[in-house]
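The values are calculated or read from the model by the stated rules, or taken from the named source; none is laboratory data. Computed from a predicted model, the values in this text were never measured in an experiment. Cβ coordinates were reconstructed from backbone atoms using ideal geometry, including for glycine residues, and neighbour counts include every protein chain displayed.
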Amino acid sequence: MYIRIYPGNNPARCAVNWILGLVMNTRLCLICGTPISGRADKKFCGDQCRALANNQNKIVSQRILLNTNQVLRKNRTILKTLCPQGKATVRKEVLVAMGYNFDCFTSLFVTRTKQVYYLVYDYGFTPIMEGQIEKALIVSRQEYMKDWNPWKSLAAG
Ligand SMILES: [Zn+2]
């Protein structure tokens with residue numbers, strides 16, 4: 001007994017079929033739910049379903065890359081806009097109001113005094129406090145920030 005689910009159907013129902021298959025000791029195609037015979041590591045009933053699964057994975061990967069690239073581009077534009085002279089200090093709220101995403105950066109640079117610069121391509125900022133006020137010191141990326149070695153601080157400690 002099995003319920004055949006066709007490609008494009010609800011993934012939750014496909015998951016139910018997959019679990020049903022495990023319980024009944026029958027392997028089912030991850031895409032359409034058809035019982036699979038043959039090799040134990042087979043996941044799909046045939047080429048069509050394998051291709052469909054590959055395409056779905058590719059679409060998910062592309063979406064992640066596109067979203068991240070978009071965020072990085074926006075972050076860079078914000079830094080560049082706020083820092084026309086190579087160095088500028090702004091309140092954190094200014095970055096937040098402009099839609100800056102602090103999760104996304106392309107590299108790091110940590111100074112000897114442990115000040116962390118979050119770089120986005122050719123711009124970056126380091127968080128600073130002026131009294132109780134959270135600010136960002138924005139800079140254009142310097143030559144010496146380019147050969148950042150993540151293990152350097154471990155060797156020093
Ligand atoms: Zn299938």
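Below, the figures for the structure above:
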quantity	calculated
Some residue of segment 80-88 being touching a helix residue (DSSP H, G or I) at 6+ places or on another chain (Cβ under 7 Å), farther than 14 Å from Ile138 by Cβ and touching a residue at least 24 places away in the same chain (Cβ under 8 Å)	no
Verdict on Cys83 being buried (at least 17 other Cβ atoms within 10 Å of the Cβ) and away from the ligand (no atom under 15 Å from the Cβ)	yes
Any chance Leu30 is within 13 Å of the ligand (Cβ to nearest atom), assigned to a loop (DSSP other than H, G, I, E, B) and either modelled with pLDDT of 90 or more or within 22 Å of the chain's Cα centre (by Cα) (or both)	yes
Residue within segment 101-111 that is surrounded by fewer than 11 Cβ atoms within 10 Å (Cβ to Cβ) and either within 16 Å of the ligand (Cβ to nearest atom) or of a type in the set (Val, Ile, Thr) (or both) present	no
Filter pass, Gln62 being free of Cβ contacts under 8 Å to residues at least 40 places away in the same chain, loosely packed, with under 12 Cβ neighbours inside 10 Å and in a loop (DSSP other than H, G, I, E, B)	no
